[in-house]
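Q: I have a structure I would like to understand better, so I am pasting it below and will then ask my questions one at a time.
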Amino acid sequence: MKAVTDNNMRPYNEKITGSIPSVEILGVRVHDITMEQAGALMCEMALSGMPHHIIPVNPEMVMMAQVNKEFREVLERASLNLPDGTGILLAARILGLPIRERVTGVDTVKMLAGVAARNGLSLFLLGAAPGIAGRVAEILQKENPGLKIPGTYAGSPDPSEEDEICSRIEAARPHILLVAYGAPRQELWVARTMPRLKIPITMNVGGTFDFIAGVTTRAPVWLQDAGLEWLYRLAREPHRWRRMLKLPQFGAAVLREKFLTG
């Protein structure tokens with residue numbers, strides 16, 4: 001339960017991100033950054049030409065990191081871990097850590113599309129079910145005239161498809177790559193391919209494409225603000241119940257850390 005500022009052992013470019021304050025929640029680093037700050041920072045990242053890995057972090061991912069060492073190491077090496085998920089904000093408050101606001105994957109993708117359109121940058125959309133990334137591209141281009149999206153592809157994070165996917169991305173030469181394979185497979189995929197692709201911004205986006213395409217609907221704002229977005233998703237997607245079990249586990253772990261270290 002501590003605020004941290006050191007950025008040792010992270011192989012990616014830290015010139016831009018190294019000064020951003022961060023905290024540790026159950027041993028997972030999360031940056032204290034606002035949406036407005038993230039927009040300016042990502043523009044600088046994209047224009048730098050240096051590779052950056054951006055990961056929106058939610059409570060489920062924090063719990064995955066407790067048992068998956070490789071995933072935990074990828075989170076530690078990432079350039080920017082966004083405070084996604086109301087549970088992250090609640091945990092920070094309980095632990096007395098400074099996280100000012102939630103920076104969601106959906107909002108960040110839409111913001112990135114605007115940044116790209118204004119600065120002549122291009123996006124590649126990778127993942128989700130076949131056809132979804134193409135639909136998202138149409139929506140983002142309609143909302144941001146002039147936005148360049150030289151490629152979309154579903155594919156999978158299976159290593160057997162890696163060469164083909166990387167070749168498609170290399171041919172498109174995007175400034176920003178959005179990867180929607182779900183945690184932890186999407187983060188591990190990026191960790192394997194980032195040295196080869198060297199894209200200025202690679203961001204993992206989970207189910208964001210489904211939300212933007214309208215396949216999945218977001219909870220009403222009042223439910224999001226109340227921290228009950230998980231309940232809305234569970235009601236609409238009851239097959240997620242096993243994943244939702246991580247939420248009470250996360251809450252219990254946060255309270256345990258609070259009382260053991262506080």
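Q: With a point put 7 Å past each Cα toward its Cβ, work out how far Arg118 is from Glu73 in nm, to one decimal.
A: 3.9 nm
Q: Which residues in the stretch 178-193 place their backbone N less than 12 Å from a point set 7 Å from the Cα of Val215 along the Cα-to-Cβ direction?
A: 180-182
Q: In nm, give the distance between the simple-model label positions of Glu101 and Gln66, each being 7 Å from the Cα along the Cα-to-Cβ direction.
A: 3.0 nm
Q: Order the peptides 158-165, 23-30 from the highest to the lowest mean number of other Cβ atoms within 10 Å of their residues.
A: Highest mean packing first, the order is 23-30, 158-165.
Q: Going by average Cβ density within 10 Å per residue, which order do the peptides 201-210, 145-154 take, highest to lowest?
A: Per-residue Cβ counts within 10 Å, averaged per peptide and sorted highest first, yield 201-210, 145-154.
Q: What FRET efficiency would be calculated for the residue pair Glu162, Leu255, taking the C-beta separation as r and a Förster radius of 35 Å, to the nearest 0.05?
A: For Glu162 and Leu255, the calculated efficiency is 0.30.
Readers should treat all values here as calculations from the given coordinates under stated rules, not as data from a laboratory. On a predicted model such as this, the values are computed, not experimentally measured, just so you know. Cβ: placed from backbone, ideal geometry, glycine included. Neighbour counts: every protein chain shown.
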